[in-house]
Amino acid sequence: MKLDDYLDRDAVALAHAIASGDVSADVVVDHAIQATETVNPRLNAVVTDNFEAARAHARGPLEGPFAGVPMFVKDTDHVAGLPTRMGSHAMPKAPAAKSSPFVERILRPMGFVLLGKTTMPEFGLTGTTEPLLTGPTRNPWNEAHPPGGSSGGAGALVASGALPISHGNDGGGSIRIPAAYCGLVGLKSSRGRLPGLEGGELVPVDIISQGVLTRSVRDTAAFYEAAEKLHPTSLPAIGRVEGPSRERLRIGFFTRGPEGEVCEPDVVQAVVDAANTLASQGHKVEEIDNPFPAPLIHDFFLFWGYTPFALRLVGRLVMGRGFRFKEVDDWTRGMARFFGRNLLRAPGAIMRLRRSTALAEAVFANHDLLLSPVLTRPPLPLGTLNPTDVFDEVFETLRPIASFTPYQNAMGTPAMSLPVGVSADGLPRAVHVAAPFGMERRLLEIAYEFEQASPWAEHYPRLVTDR
């Protein structure tokens, strides 16, 4: 296999080639490392590499549905032998003694070869990837823009072609926002579908879902098919999803935020175009008002400050004796202060967020899927959400932009960011599709329809080679 052959294949195709003996895993991993080393000086998407250990792993016996396929891990999760910095100078530099449950129970048994850790904003607390620890990560579509956040390093590497799939997680849009910025498939799964983030049981509301970012719907579908065999749950089965369903659905679409936030024209047009595409394929599509209650978004943004507030109080107990809250950035410090200023409101906000699981039944009473923007604006320029700027100003910029994605984290329901082409200025366009609890299969089936109706693969940046 030559480098061009590697770049043209998704994770499923690479896994098949390795399993059939057409190519050895060590050759695939070498191509991934070469591609990463080519693009990373421009993108700054890798915080820690594990290349020599990955090469050794690729030469050994490999098992699993993705045996030999290269993968990076977002720096939220421990990988034994590597430090976990979470985008922060405040985190200890010591290597982790053991890997996280997600790495051990899902990624390792699937056969992925782990190349290292990807960049993220400090503690994953914002929608861009510009941490002081590593400096800004850049978007391969246009390096004057970030790749979104918080799974920004993963999004940048996958969109660049360096690898077809990478780990991410989503606590308010952190898979879906990078997917939108980078033109990728980004599925935030139902609560409980996958093993959660280590320590998630200590948080009053479980808002974080693990997952992946990919360039093809097939890769995301294959990942979840494999995952549910490793992590059985009582949720409706996803099974093997290989294309659209014949079932025609009731789909509601809306283009305003919960408080009437107006989206930029190209964002609105992307949703309208997607709605028209679905209607032309026989789905019953209607425009509706935003069905989500505005007060809940305020509860969510307040709760977002819970983690930094707790870290200020008990960070050394949770993160280890080497943790130093005094070294966090201004954004994290500001989120902690914001939560502290509203401490009396916090119990009510947490109670309402915990009860919001019941909201999903009402929201989806008349529709099988909901279609909306991912964000109110196209990808922002670098520096718009700078973590060193005045907190209140950055917060007031971010809050209305990111008002579509947090509801699914609160309710525990699945949602997906899907690419729908490229704008006139050469940046990805995306839409957000949400489903009732446990209905990931429905999302994957509709994603195949979008992929077939509006192929996006030919638009990807070619940073690895100049072909």
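A short reminder: the numbers here are calculations on the coordinates, not readings from a lab. What you see is a predicted model, and the numbers here were worked out from it, not measured in a lab. Here the Cβ is made from the backbone with ideal geometry for all residues, glycine too, and neighbour counts use every protein chain on show.
Based on the alpha-carbon gyration tensor of the stretch 125-175 and its eigenvalue square roots a ≥ b ≥ c, which shape applies: rounded if a/c is under 1.5, prolate if not and a/b is larger than b/c, or oblate?
oblate
For the pair Arg246 and Ala144, what calculated FRET efficiency results from E = 1/(1 + (r/R0)^6), where r is the Cβ-Cβ distance and R0 = 51 Å, to the nearest 0.05?
On the way: r = 44 Å, r/R0 = 0.86.
Once rounded, the FRET efficiency stands at 0.70.
Separation between the Ala358 and Leu230 pseudo-spin-labels, each 7 Å from Cα along Cα→Cβ, expressed in nm?
3.7
Please name which of Phe364, Asn342, Val431 has its Cα lying farthest along the dipole of the stretch 310-467 towards the positive end, using unit charges on Cβ (Lys, Arg +1; Asp, Glu -1) and the Cα centre as origin.
Projecting each Cα onto the dipole axis, the largest value belongs to Asn342.
Counting DSSP beta bridges in the stretch 3-459, what percent are antiparallel, to the nearest 5? Can you show the working numbers first?
Details: 26 of 37 bridges.
In the stretch 3-459, DSSP labels about 70 percent of beta bridges as antiparallel.
Among 129-140, 379-390, 209-220, 425-436, what's the highest-first ranking by average C-beta atoms within 10 angstrom per residue?
209-220, 129-140, 425-436, 379-390
Among the trypsin sites (Lys or Arg not before Pro) within the stretch 309-339, which fall in a DSSP loop and have no more than 12 other Cβ atoms within 10 Å of their own Cβ? Write down the numbers at each step before the final one.
On the way: sites: Arg312, Arg316, Arg321, Arg324, Lys326, Arg333, Arg337; in loops: Arg321, Arg324.
Hits after loop and neighbour filter: Arg321.
I want to check the label-to-label distance for Leu317 and Asp273. Put each point 7 Å from Cα in the C-beta direction and report it in nm to one decimal.
About 5.2 nm, to one decimal.
May I ask you to sort Thr76, Thr357 by Cβ crowding, counting other Cβ atoms within 10 Å and putting the fewest first? Present the calculation step by step, with values, prior to reporting the outcome.
Values: Thr76 28, Thr357 15.
So the ranking, lowest neighbour count to highest, is Thr357, Thr76.
Per-residue ellipticity at 222 nm for the chain, helices alone: DSSP H runs ≥ 4 residues times -39500 (n - 2.57), over residue total, nearest 500 deg cm²/dmol? Intermediate results must be reported in sequence, preceding the final value.
Details: 16 runs with 171 residues, N = 467.
Here the helix-only value at 222 nm equals -11000 deg cm²/dmol.
Would you mind classifying the stretch 387-467 by shape? Square roots of the alpha carbon gyration tensor eigenvalues, ordered a ≥ b ≥ c; an a/c under 1.5 is rounded, otherwise it is prolate if a/b is larger than b/c and oblate if not. Could the numbers behind the result be given before it?
On the way: a/c = 2.62, a/b = 1.12, b/c = 2.34.
Oblate, because a/c is 1.5 or more while a/b does not exceed b/c.
So which of Lys188/Lys326; Lys93/Lys229; Lys93/Lys188; Lys93/Lys326; Lys2/Lys93 end up more than 26 Å apart by C-alpha?
Listed pairs above 26 Å: Lys188/Lys326; Lys93/Lys229; Lys93/Lys188; Lys2/Lys93.
Just how many % of Cα pairs in the chain lie over 35 Å apart, if you round to the nearest whole percent? Please report the intermediate quantities before stating the final value.
On the way: 25610 of 108811 pairs.
Within the chain, distances greater than 35 Å cover 24 percent of Cα pairs.
If you build the Cα gyration tensor of the stretch 177-270 and take the root of 5 times each eigenvalue, what three semi-axes come out, in whole angstrom, biggest first? Numbers along the way, then the final one.
Details: eigenvalues 141, 85, 42 Å².
Computed over the stretch 177-270, the values are 27, 21, 14 Å.
Quick one: grab the alpha carbon gyration tensor of the stretch 1-83, order the square roots of its eigenvalues as a ≥ b ≥ c, and give me rounded if a/c is under 1.5, else prolate or oblate depending on whether a/b is larger than b/c.
oblate
What residues from the stretch 188-232 fall in the zone where the backbone N is under 12 Å from a label point 7 Å along the Cα-to-C-beta line of Ala310?
197-208
What FRET efficiency, computed as 1/(1 + (r/R0)^6) with R0 = 56 Å and r the Cβ-Cβ distance, is obtained for Lys2 and Ile288, rounded to the nearest 0.05?
Result of the calculation: an efficiency of 0.65.
Label-point separation (nm) for Met351 and Ala453, each offset 7 Å from Cα along Cα-to-Cβ?
Simple spin-label model gives 4.4 nm for this pair.
Report the full-extension gain for the segment Asp266 to Val390: residue separation times 0.36 nm, less the Cα-Cα distance, to one decimal in nm.
41.7 nm
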